[in-house]
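Notes follow the structure.
The values are calculated or read from the model by the stated rules, or taken from the named source; none is laboratory data. Treat the numbers as computed from the prediction; the structure is a model and nothing was measured. Cβ placement follows ideal geometry from the backbone for every residue including glycine, while neighbour counts extend to all protein chains displayed. The protein model used for the area step is the full one, side chains on, heavy atoms only, and it has no ligands, DNA or RNA in it. Shrake-Rupley method; radii C 1.70, N 1.55, O 1.52, S 1.80 Å.
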Amino acid sequence: MQLLNTLYLTTPDSYVHLENQTIRVEVAHETRLRVPLHHLAAVVCFGHVAVSLPLMHRLADEGIALVLLDGNGRFKARLEGAVSGNVLLRQAQHRLASDDSFALRVARNMIAGKVRNCRQVLLRGAREAKVADDAQPLARGADNLAAALRALPQAADFDTLRGQEGEAARQYFAALTHLVRNSAREAFRMNGRSRRPPRDRINALLSFLYSLLMNDCRSAIEAAGLDPQIGFLHAVRPGRAALALDLMEEFRFSADRLALTLVNRAQLNPGDFDEREGGAVLLAGEARKTVLVAYQQRKQESVAHPLLSEPIPFGLLPHLQARLLARTLRGDTADYLPYLMR
């Protein structure tokens with residue numbers, strides 16, 4: 001699959017090699033794809049994909065990055081030749097992260113994407129609710145998030161923006177309990193967002209899913225050649241992948257929806273969580289496997305993107321958004337456009 005001059009190879013046991021001026025992709029000795037080298041800026045391999053040594057040398061000569069991720073999307077390595085534009089991209093990222101006006105615009109758009117996507121979750125829940133006691137608070141929560149969206153353009157500094165985002169998140173999580181099926185609501189009741197440690201089962205599940213999402217966003221940023229430590233919304237701290245935290249904001253809704261699906265379909269039960277001394281609640285070992293399988297399946301689901309003419313796997317969306325951000329940093333686009341769910 002080719003996105004924004006990047007070839008993504010996701011089929012296990014693919015073999016990729018050089019054929020004249022073309023990359024040839026084979027699966028079980030059958031040719032699946034040919035892509036001219038001059039069309040590409042990067043090749044990203046997920047999991048067990050074999051790459052021929054001559055192709056590696058040619059990619060290095062042509063200045064085409066080769067990125068290796070494991071089957072779960074974790075970043076493993078990046079191969080580049082002596083001449084690379086990544087240093088210029090990272091210089092632009094570092095410079096623009098210090099430009100308060102630019103950084104605020106990027107951060108505001110990321111938060112707008114997050115709030116709008118969360119609102120869509122509540123709106124869908126309100127439409128599908130079977131009783132007014134659930135539909136009304138969900139609709140009210142969606143209205144509150146609509147008001148938050150209207151207020152975002154007036155945020156003139158980061159403190160104001162973060163305050164607006166925090167209030168929108170509080171309104172969202174207050175309504176989220178009404179999306180849990182009635183028979184499971186007592187066991188999976190959510191009293192706001194809690195972390196470090198999570199204080200209830202839903203928060204424990206969300207924390208686990210957010211950690212998976214964070215890893216995917218960091219891998220996408222590394223694959224795009226960006227510095228994961230330098231963000232626009234989250235403050236820079238030692239050991240903190242601030243840009244990965246920024247990027248995952250617009251995708252948090254996907255983790256929320258998956259958590260609700262796992263609970264509402266009884267794929268997870270109260271016994272799948274451990275309650276520790278001090279009030280911490282953690283996802284048990286075997287239940288983690290259930291969540292991991294569901295998470296990987298969700299990443300394979302096809303979704304539409306407004307900038308593409310064909311559907312793509314959901315798991316590639318962070319990669320696409322990371323490359324859109326890179327284009328904004330290079331000055332190819334005026335503003336960063338967040339992903340908006342339909």
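Which residue is farthest from residue 278 (Cα to Cα), if the candidates are limited to the range 182-205 and must be of a type in the set (Lys, Arg) and within 25 Å of the chain's Cα centre (by Cα)?
Going through the qualifying residues, I end up with 193.
Confirm whether residue 98 is small (Gly, Ala, Ser), free of Cβ contacts under 8 Å to residues at least 12 places away in the same chain and farther than 30 Å from residue 141 by Cβ.
So residue 98 passes the test.
Pairs, please: C-beta under 8 Å, at least 6 apart or cross-chain, first residue touching a residue at least 24 places away in the same chain (Cβ under 8 Å) and over 12 Å from residue 67 (Cβ atoms) and in the range 37-51, second of a type in the set (Asp, Glu) and assigned to a loop (DSSP other than H, G, I, E, B)?
47/70; 48/13; 50/13
From the set of residues in the range 214-228 that are open to solvent by 10 Å² or more (accessible area, probe 1.4 Å) and in contact (Cβ under 8 Å) with a residue 40 or more places away in the chain, which is nearest to residue 88 (Cα to Cα)?
227
Do we find that residue 206 is more than 20 Å from residue 298 (Cβ to Cβ), open to solvent by less than 30 Å² (accessible area, probe 1.4 Å), in contact (Cβ under 8 Å) with a residue 24 or more places away in the chain and among the hydrophobic types (A, V, I, L, M, F, W, C) in this structure?
Taking the combined requirement at face value, the residue does not satisfy it.
What is the one condition in (1) in contact with a Leu (Cβ under 7 Å, 6 or more places away or on another chain); (2) within 24 Å of residue 335 (Cβ to Cβ); (3) assigned to a loop (DSSP other than H, G, I, E, B) that residue 217 does not satisfy?
(3) is the only condition that residue 217 fails.
Looking at (1) closer than 15 Å to residue 201 by Cβ; (2) at pLDDT 85 or above, which one does residue 274 not meet, given that it meets all the others?
With (1) closer than 15 Å to residue 201 by Cβ; (2) at pLDDT 85 or above applied to residue 274, the lone miss is (2).
Just checking, which of 258, 282 is more than 30 Å from residue 129 (Cβ to Cβ) and in contact with a Lys or Arg (Cβ under 7 Å, 6 or more places away or on another chain)?
None of the others qualify; the one that does is 282.
Restricting the search to the range 64-73, which residues are surrounded by 15 or more Cβ atoms within 10 Å (Cβ to Cβ) and not in a strand (DSSP E or B)?
Those that are surrounded by 15 or more Cβ atoms within 10 Å (Cβ to Cβ) and not in a strand (DSSP E or B): 64, 72, 73.
Report the residue count in the range 31-50 for those that are among the aliphatic types (A, V, I, L, M) and open to solvent by 30 Å² or more (accessible area, probe 1.4 Å).
3
Any idea which residue in the range 264-284 is most open to solvent (accessible area, probe 1.4 Å), counting only those that are closer than 30 Å to residue 10 by Cβ and out of contact with any Asp or Glu (no Cβ under 9 Å at 6 or more places or on another chain)?
Ranking the qualifying residues of the range 264-284, first place goes to 265.
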